[in-house]
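The next block holds one structure in the form of structure tokens; read it before the comments.
Derivation of every value follows stated rules applied to the coordinates shown; laboratory data play no part. Here the structure is a predicted model, which is why all the values come from computation and not from measurement. Reconstructed Cβ throughout: ideal geometry from the backbone, glycine too, with neighbour counts over all protein chains shown.
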Amino acid sequence: MTITQELNQKEMKLAKNYVNNVYEKVTNRNPGENEFHQAVKEILDSLVPVLAKYPKYMENSILERLVEPERLIIFRVPWIDDQGKIQVNRGYRVQFNSAIGPYKGGLRFHPSVNSSIIKFLGFEQIFKNALTAQPIGGGKGGSDFDPKGKSDNEIMRFTQSFMTELSKYIGPDIDVPAGDIGVGAREIGYLFGQYKRIRGGYEAGVLTGKGIGYGGSLTRTEATGYGVVYFVNEMLKDQGESFDGSTVIVSGSGNVSIYAIEKATQLGAKVIACSDSNGYIYDEDGLDLETIKRLKEVERKRISEYVKEHPNAEYYEGCSGIWSIPCDIALPCATQNEINEEAAKILVANGVKAVGEGANMPSTLDAIEIFLNSHVLFGPAKAANAGGVAVSALEMSQNSMRLAWTFEEVDAKLHVIMENIYKNSMNAAAEFGHPGNLVVGANIAGFRKVADAMIAQGVI
Ligand code: NAP
């Protein structure tokens, strides 16, 4: 063994111990926050080689500072329902890291929302935003409010109450929220209206995902779904493959899913299944996207309605069964931990070639290991689904410049950003001894940018 190799082993051991210590502190300080622990573990474990090579990150206690949010705001959201009854929900905003720009990240309205979910999403967002090469920090927010079954007026009263409190903490140069699960164009409109009313000025850059008529960016609606497909296309191209002629499964039927289906279809794939939180549809001839768009975006109905209009298609109750359908490419675009070890094994046994994560943390740590060990091309969320926040940053740029780019201009920029995220992640993976491993590559590429900025700015 050469001295260099010995030194290397010693440094790797030191770095591993450091990572284990930080992870232990995270689990002790944030008891019961399983999703947050999972997100931290996934990132920390992959940083060992970069910590070993650059001890400055340990000397500056970068990991201890990164895992602690700069600020976590929790607030009461009282509102009145259509029966005149007072309801109370809980609101959250985590302002996780502002080393490279104002906090940026979506708002999620879903009954499952709690501190753990918001912190996992906010933590991931730091690295994702850094990967886009745009000047945006990491944040996330939301509420345990369930928009399902609520009237438009109830949605408006809730979002106005939510923004009344949130407005104290955000601003175009401070913190810029956007949509996520349960927060689409309608909710962003009401949130923006209330912010404007409270602040008394037209600060267009305070929210992204706005309507095109009042400061929104063309392509923002499509950006995350299109971006996932652009990213997976890069992975396929490197292997001499493409979407053309392949069979694809997309879970969910919300914003990310719909536009992933659209772009995959445009590139010549046949998308045969999608889902919502009740069940999934399977259409061996390929899904009819116009029906899905109308059912989900306009009529806000369940995906089960699809089979009434397409009798050849089949509907199955429950979400997990979707992964038992054989496919070439799987795009989980619904929610966290939707692909577990068992689902990953079935996908691999059925010959899946590529998995691209449209949702945040849709694969468990066990599932990721199975994909990597089976040499399935695997595009992790923070790289593959960064297109949404990248175009949000482009929306902020357009708002600052008071001009609007065309759909084609923004789409072209999105395409280049996704190609660069792929290249930078692949390069980082190779440089640190894990060629082809995009989990390691994306984490390291995002980490270095944020960590270097933190060191430059001193102990704050
Ligand atoms: P969305 O429009 O609200 O759609 C979410 C979809 O997932 C719906 O079909 C929903 O079904 C389904 N779903 C939600 N919770 C589920 C559960 N527990 N089990 C099974 N299905 C569930 O949200 P979205 O914006 O597309 O976001 C989807 C994922 O992408 C999330 O992980 C989000 O964090 C991530 N993401 C979004 C963006 C963006 O720009 N929107 C950017 C990056 C990442 P129901 O209608 O039945 O609830």
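Given axes a ≥ b ≥ c from the Cα gyration tensor, I'd like to know whether the chain is rounded (a/c under 1.5), prolate (a/b larger than b/c) or oblate. Oblate. Entry note, the chain: relative contact order of 15 percent, from Cα contacts under 8 Å with a spacing of 6+ residues. Here the extension length gained between Ile86 and Asn8 equals 21.9 nm, from 0.36 nm per residue of separation less the Cα-Cα distance. When only alpha carbons are used to place a centre, the stretch 201-270 and the stretch 119-179 end up 20 Å from one another. Across the stretch 58-195, Cα pairs under 8 Å and at least six residues apart give a relative contact order of 27 percent.
Gain in length, Asp146 to Lys41, computed as 0.36 nm per residue apart minus the alpha-carbon separation, to one decimal in nm? List each step's numbers first, then the result.
On the way: separation 105, 0.36 × 105 = 37.80 nm, distance 2.93 nm.
Length gained, Asp146 through Lys41: 34.9 nm.
Remark: the stretch 223-384 carries a charge dipole of roughly 320 debye about the Cα centre, counting +1 on each Lys and Arg Cβ and -1 on each Asp and Glu Cβ. Length gained on full extension, Ser277 to Asp366, computed as 0.36 nm times the residue gap minus the Cα-Cα distance: 29.8 nm.
Any of Lys128/Lys148; Lys128/Lys449; Lys41/Lys382; Lys85/Lys148; Lys210/Lys413; Lys308/Lys345 with alpha carbons more than 22 Å apart? Name them for me.
Values: Lys128/Lys148 29 Å; Lys128/Lys449 11 Å; Lys41/Lys382 14 Å; Lys85/Lys148 18 Å; Lys210/Lys413 19 Å; Lys308/Lys345 32 Å.
Result: Lys128/Lys148; Lys308/Lys345 exceed 22 Å.
Rounded, prolate or oblate: which fits the stretch 71-202, taking a ≥ b ≥ c as square roots of the Cα gyration tensor eigenvalues, rounded meaning a/c under 1.5, else prolate when a/b beats b/c? Taking the square roots of the gyration eigenvalues as a ≥ b ≥ c, the stretch 71-202 is prolate. The label-point distance for Tyr202 and Asn337, in a model that sets each label 7 Å from Cα toward Cβ, rounds to 4.6 nm.
Note on Asn420/Ile460: beta-carbon distance plugged into 1/(1 + (r/R0)^6) with R0 of 30 Å gives a FRET efficiency of 0.55.
Report, in debye and to the nearest 20, how large the dipole of the stretch 71-202 comes out about its Cα centre when Lys and Arg carry +1 and Asp and Glu carry -1 on their Cβ. Don't jump to the answer; show the numbers that get you there.
Details: 18 positive and 12 negative charges, 48 e Å.
Its charge dipole is roughly 240 debye.
A Förster radius of 30 Å combined with the Cβ-Cβ distance from Asp285 to Ser374 puts the calculated FRET efficiency at roughly 0.55.
So if I place +1 on the C-beta of Lys and Arg and -1 on the C-beta of Asp and Glu, and nothing else carries charge, what would the dipole magnitude of the chain be about its Cα centre? I want it in debye, nearest 20. Don't jump to the answer; show the numbers that get you there.
Values: 47 positive and 56 negative charges, 335 e Å.
In debye, rounded to 20, the chain gives about 1600.
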